[in-house]
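The values are calculated or read from the model by the stated rules, or taken from the named source; none is laboratory data. As the structure is a prediction and not an experimental result, all values here were calculated from the model. Positions of Cβ are backbone-derived with ideal geometry, glycine not excepted, and every protein chain shown enters the neighbour counts.
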Amino acid sequence: MANTRRMLVTAVETLDEEKVVSLVKMGLNNGISPLDLIEDVHQGMKRVGMHYEREDYYIADLIMASLIFQRVLTLIPITKENGSEQKPQVIIGTVKHDIHDIGKNIIIGLLRSRGIGVIDLGVDVPPDVFVDAVQETGAKILGLSGLLTSSYEVMREITDTLNKRNLRSRVQVVIGGLVNEDVKEYVGADYWVDDCAYGVEVCRHILNIDVNSSSKTVVGVV
Ligand code: B12
């Protein structure tokens, strides 16, 4: 099983679509969890990004990688919505100037499949649109996705605007994508996530606690 997973990361890295497809099918048949398979493909995508940075891959290769991921998602059943979705409690979008949406769409699919209502604002979303959505819906979680360095500034503008409009205490801000603890601090967010299983756990955790609680510690990962 560990071998299949390692081979999957490499198959994505080398953009070998047919091998990726057969390894994902093999993994599912052998009982590897769909979320683990998604994370393996995610790791492979990160390696594709590193090749692009080193200039031995080009933009066409990034596009190819995203097509491979989209195909993988058609093989993995977990992103199907079920019928019991609740009133929207989570707002998610990719921030202004950024059009990366694969991770955002995975998280949205996972949350909906667990009955959590999500409003998807799409990609390249201006700060005011996020803030208006918080005000209008009363959602408890604002999820910001961003994979570009320039996205951090936009995320910060969003939390600044929430503060100015006295809405910050009404919502927990979760950032995802190419983010880390430093970015979380810079942005003024509550949580950062770069793994889909953990992202779902964070959202479930927030929805089960008093939003105004000062505790930001997440207990347990799926
Ligand atoms: C595929 C890809 C593309 C595709 C995107 C297709 C699409 N529909 O999304 C295309 C070809 C369009 C693209 C374009 C560009 N890209 Co690009 N791209 C990538 C690549 C290889 C993979 C991204 C991806 O889909 N990963 C898989 C998903 C599943 O991972 P994820 O988004 O991180 O999501 C996971 C978690 O983070 C989390 N998550 C994500 N969002 C959220 C939100 C919430 C609320 C939560 C809880 C969780 C969560 O859940 C997901 C599942 O685990 C990355 C490399 C990398 N290191 O990531 C470069 C990368 C992001 N791209 C990069 C660049 C430079 C570009 C371009 C500027 C290239 C160009 N010259 O035009 C453009 C920018 C376009 C724009 N304005 O946005 C750079 C960014 C560098 C930087 N630091 O700014 C990267 C890092 C590559 C690199 N190393 O140089 N790209």
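For region 156-182, a residue qualifies if it is within 17 Å of the chain's Cα centre (by Cα) and more than 11 Å from the ligand (Cβ to nearest atom), and exactly one does: GLU181. Of all residues in region 46-67, those being surrounded by fewer than 19 Cβ atoms within 10 Å (Cβ to Cβ) and part of a helix (DSSP H, G or I) number 15.
Selection of first residues in region 178-205 that are part of a helix (DSSP H, G or I) and of second residues that are among the polar types (S, T, N, Q), restricted to Cβ pairs under 8 Å at least 6 apart or on distinct chains, gives the following pairs, ordered by first then second residue: VAL187/THR159.
Condition first: in a helix (DSSP H, G or I) and within 11 Å of the ligand (Cβ to nearest atom). Now tell me which residues in region 137-154 satisfy that. Passing the criteria: SER151, TYR152. For region 28-38, taking the residues that are touching a Lys or Arg at 6+ places or on another chain (Cβ under 9 Å) and within 13 Å of the ligand (Cβ to nearest atom), the one that is nearest to VAL72 (Cα to Cα) is identified as LEU37.
Within region 78-88, at least one residue is touching a residue at least 24 places away in the same chain (Cβ under 8 Å) and within 12 Å of the ligand (Cβ to nearest atom).
Matching residues to (1) more than 10 Å from the ligand (Cβ to nearest atom); (2) touching a Leu at 6+ places or on another chain (Cβ under 8 Å); (3) assigned by TED's automatic domain parsing to the domain that holds GLY177:
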| residue | (1), (2), (3) |
| --- | --- |
| VAL9 | yes, no, no |
| TYR52 | no, yes, no |
| ILE59 | no, no, no |
| LYS104 | no, no, yes |
| LEU111 | no, no, yes |
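Per the conditions (1) out of contact with any strand residue (DSSP E or B) (no Cβ under 8 Å at 6 or more places or on another chain); (2) more than 11 Å from the ligand (Cβ to nearest atom), the sole criterion not satisfied by CYS196 is (2).
Does ILE32 meet the test of being of a type in the set (Val, Ile, Thr) and within 17 Å of the chain's Cα centre (by Cα)?
So ILE32 does not fit the description; no.
Report yes if GLY93 is closer than 22 Å to VAL202 by Cα, of a type in the set (Gly, Ala, Ser) and not in a loop (DSSP other than H, G, I, E, B), otherwise no. Yes, satisfied.
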